[in-house]
Amino acid sequence: LPDVRHVLDQVGRTRLVDVSASDGSRPFLVAALARQAESLASGPADAAPLVVVTATTREAEDLETALGLFLPGERIAVFPSWETLPHERLSPRSDTVGRRLAVLRRLAHPDPDDTAYGPLSVVVAPVRALLQPLTKGLGDLVPVALRAGDERPLEDVVDALVAAAYT
């Protein structure tokens, strides 16, 4: 427990806390770190999110699920890696691209009034996702969001989709 207290005391003092922990203790420790960061900020929406790096995508998804027991699920996201390598002539799956863009958007422009686009407490990323190149400004792309009951001119929707590279 003294080691955990030492780690928690580093929150707010340093931008990088390098911790290795057994699989079973990770969700508890990450949740405690996120809560500590939120307590030092003026609230959950103002705290910088924790970025937790895992070895594999499966570990990232398992950690996301376990963290949902300790933190609100809408405040946790996995930043997935591409299934393809940069030298391959294959494009990543569209759902993977969408998930990556959604996380980047939430980091750059969180919407506290919408849980689907709200601020994040924890971003879990496999190390491969962090090593893959990113184009500057991806978090600034405005998503095309349509909800049941919304009314928008068809031309506006088409223009927004074309601007987001849909054909």
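The values are calculated or read from the model by the stated rules, or taken from the named source; none is laboratory data. None of the values given here were measured: they were computed from a predicted structure. When we count neighbours, we look across all protein chains shown, and the Cβ atoms used for this are built from the backbone with ideal geometry, even at glycine. The protein model used for the area step is the full one, side chains on, heavy atoms only, and it has no ligands, DNA or RNA in it. Shrake-Rupley method; radii C 1.70, N 1.55, O 1.52, S 1.80 Å.
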Of the residues Val127, Ala47, Ala148, the Cα lying farthest along the dipole of segment 14-167 towards its positive end, which is defined by charges on the beta carbon of Lys, Arg, Asp and Glu, belongs to Val127
Add -39500 (n - 2.57) for each DSSP H run of 4 or more in the chain, then divide by its residues: what number comes out at 222 nm, to the nearest 500 deg cm²/dmol? -11500 deg cm²/dmol
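Per residue, how much accessible surface does the chain expose to a 1.4 Å probe? Answer in Å², no decimals.
Working: 11140 Å² over 167 residues.
Heavy-atom accessible area per residue stands at 67 Å².
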Peptide ranges 131-139, 63-71 listed from the most packed, as the mean C-beta count within 10 angstrom indicates: 63-71, 131-139
Leaving ligands, DNA and RNA out of it, report the carbon-plus-sulfur percent of the accessible area of the chain at a 1.4 Å probe. 56 percent
Rh (Kirkwood; distinct C-alpha pairs) - the chain, Å: 17.6 Å
If you count, for each residue, the other Cβ atoms within 10 Å and average over each peptide, how do 118-129, 145-156 line up from highest to lowest? 118-129, 145-156
